[in-house]
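Worksheet for the structure shown next.
FYI, it's all coordinate maths here, none of it is from the lab. If you're wondering where the values come from, they're calculated on a predicted model, not measured in any experiment. Backbone-built Cβ (ideal geometry, glycine too); neighbour counts: all protein chains shown.
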Amino acid sequence: MAPPNVSPSGPPLLELRGITKRFPGVVANDGIDLDLRVGEVHALLGENGAGKSTLMNVLYGLYHPDEGSILVRGEPLRLRSPRDAIEAGIGMVHQHFQLIPVLTVAENIVLAEEPHRGPLMDLRSADRQVAELSSRYGLTVDPRQRVEEASVGQQQRAEILKALYRQAEVLILDEPTAVLSPQETEELFTVLRGLREDGRGIIFISHKLTEVLELADRITVLRRGRRVATMPREGATRESLAELMVGRHVDLSGTRRPTRNIGRPVLEIAGLDVDDDRGLPAVRDLAVSVRAGEVVAVAGVDGNGQTELVQAITGLRRPAAGRIALAGRDISRASPRQALRAGIGHIPEDRHRHGLVLEFSIAENVVIEDHFGPPVATGGWMHPRAMVDRAARLIKAFDVRGGSPETQAGALSGGNQQKLVCAREMDRSPALVIAAQPTRGLDIGAVEFVHDRLIAQRDAGGAVLLVSFELDEVLELADRILVMYEGRIALERPGDGATREELGLAMTGSLAAEPAPA
Ligand code: ADP
Ligand code: MG
């Protein structure tokens, strides 16, 4: 591909100078400089909490910086609201889409800026303009489709079209690939390359090193609110970027550590049907087994029944049909407490809702599931000493930083909260650990740690069911991989016998279901 049209002699498309934004107790952005050239993809890379979203919210007029200035083509800009940003040619695709579900794609795109013909909105012309833009940039959408019926990928394309319709020259994308399959990600990159050729400037936010190296012309790394580096892609490596992000050397080898000792089946599921909140089938006629000493990973794009499957196994949702057995015992109708007593450890997808009580201390959280029995309690009496001792032991073993047994769980950082949940769930030596998105939102160091503990659990003879949207994580940890698509298993492969390509295809339903290899 021809090199992008970089750095004409004029001023950059966009400049951020010395942006500082403070929140109570934290400097989210500390004197950050960033510039964006015409026809450039500039990646903004950093761990969770590094300040990426804050900086972009400043640029989009959602936050007012405490210090610093913003220039567009050399002209200072005062942003009172996103309206000013849009007027200055800045468009943003948020991490969480901001479309109106009951309206069509075209209506969403032209909303608040409808072409008028007399007093009525001219929808015909809106449809036409949207179709034009859509074919020009290869952003395939159906203008007449209602957003609530559109896939995540289509909604994202609608968001991009919305910005282009408003003539954005600068496009900000905040973690756009988090919700996409590998193929959808490639399609998005093709679109972004086209926009770059067209002379737009793109700020691409991500914490995925491989993607950043694939797409970006230049890379800026933030760490703890500060800009630690800006560099061209040439010469940057995953290792060097990771080190800049984290501030120390990180091992990224991600070597597979296959199991050596597979035992009896621990979890056996047959003919399972589970409905979602609306009563629609989410899991259909599903069969899965997980054996002792094995990590089975369920891969797939969010929303294909994974959440309902995990809820059914852990007693949070009643199956419509089928059987779930743990070590031979039927638990299809078990309550969450009974499932736990039967030997399930659950690292939940939403650690704030189902994992920890943030107002409780670390010690209280550690015993929350078994405060009704020894050694923590006898005959209705709690033994605070035992609670505190256990908490202290787990804090040490799981390297939970930033608190003592008496500290409120809510005062810990996200990564340390997750370590605490892992500690509590694995300490009971459950027969089966269900880890749902266990590393989402964690920084690189904490991810490494959680992965090691899951493997240790397996090597001690435990069964592990991992549910993850991150293909890298699946490929690193799984002894067996199941791809879930529309409530069914679309593909099964041994952990070392799967290609990214076929997994990605199965994740989008483009691969016909086939029987598991013998
Ligand atoms: P990133 O997008 O890189 O993950 P953020 O910009 O979201 O990081 O956050 C940077 C820091 O600012 C974090 O410590 C975060 O907790 C804090 N922060 C972000 N938004 C707010 C807010 N609205 N109020 C208070 N603190 C915030
Ligand atoms: Mg963010």
Check your understanding: Given the pairs LYS162/LYS208; LYS21/LYS419; LYS396/LYS419, which span a C-alpha to C-alpha distance of over 21 angstrom in this model?
Key -> LYS162/LYS208; LYS21/LYS419
Check your understanding: For helix 384-397, what angle does its Cα long axis make with the longest principal axis of the chain, in degrees from 0 to 90 and rounded to 10?
Key -> 60
**Study point:** FRET efficiency estimate (nearest 0.05) - Cβ-Cβ, ASN48 to VAL152, R0 30 angstrom
**Key:** 0.90
Study note, to complete from the structure: Extension length gain for ASP198 and SER240 (0.36 nm per residue less Cα distance), in nm, is 12.0 nm
Exercise for review: Please express the Cα-Cα pair-distance distribution P(r) of region 275-353 as a list of whole percents, one per 5 Å bin, running from 0 to the bin with the greatest distance.
Suggested key: 3, 13, 25, 27, 22, 9, 1, 0
Exercise for review: Note the angle between two axes, namely the Cα long axis of helix 182-197 and the longest principal axis of the Cα atoms of the chain, as a number of degrees from 0 to 90, rounded to the nearest 10.
Suggested key: 20
Review point. When the helix-only estimate is applied to the chain (DSSP H runs of n ≥ 4, each -39,500 (n - 2.57), divided by the residue count), what is the mean residue ellipticity at 222 nm, nearest 500 deg cm²/dmol?
Key: -9000 deg cm²/dmol
**Study point:** Over region 119-241, equivalent-ellipsoid semi-axes from the Cα gyration tensor in Å
**Key:** 31, 15, 13
**Study point:** Share of alpha-carbon pairs per 10 Å distance bin for the chain, given as whole %
**Key:** 4, 17, 25, 25, 18, 9, 2, 0
Exercise for review: Work out how much length HIS64 to GLU186 would gain on full extension: take 0.36 nm times their residue separation and subtract the Cα-Cα distance, in nm to one decimal.
Suggested key: 40.5 nm
Point to revise | Contour minus Cα-Cα distance for ARG401 and SER429 (0.36 nm per residue) | key: 7.8 nm
Review point. Which semi-axis lengths, in whole Å and largest first, follow from the square roots of five times the eigenvalues of the Cα gyration tensor of region 405-471?
Key: 20, 16, 10
Revision key, fill the gap. Distance in nm between VAL102 and ARG22 label points, each 7 Å along Cα→Cβ, equals 4.5
Check your understanding: Nearest-5 percent of antiparallel DSSP beta bridges in the chain?
Key -> 55
Point to revise | Descending principal axes extents, region 160-208, alpha-carbon based, whole Å | key: 28, 17, 17
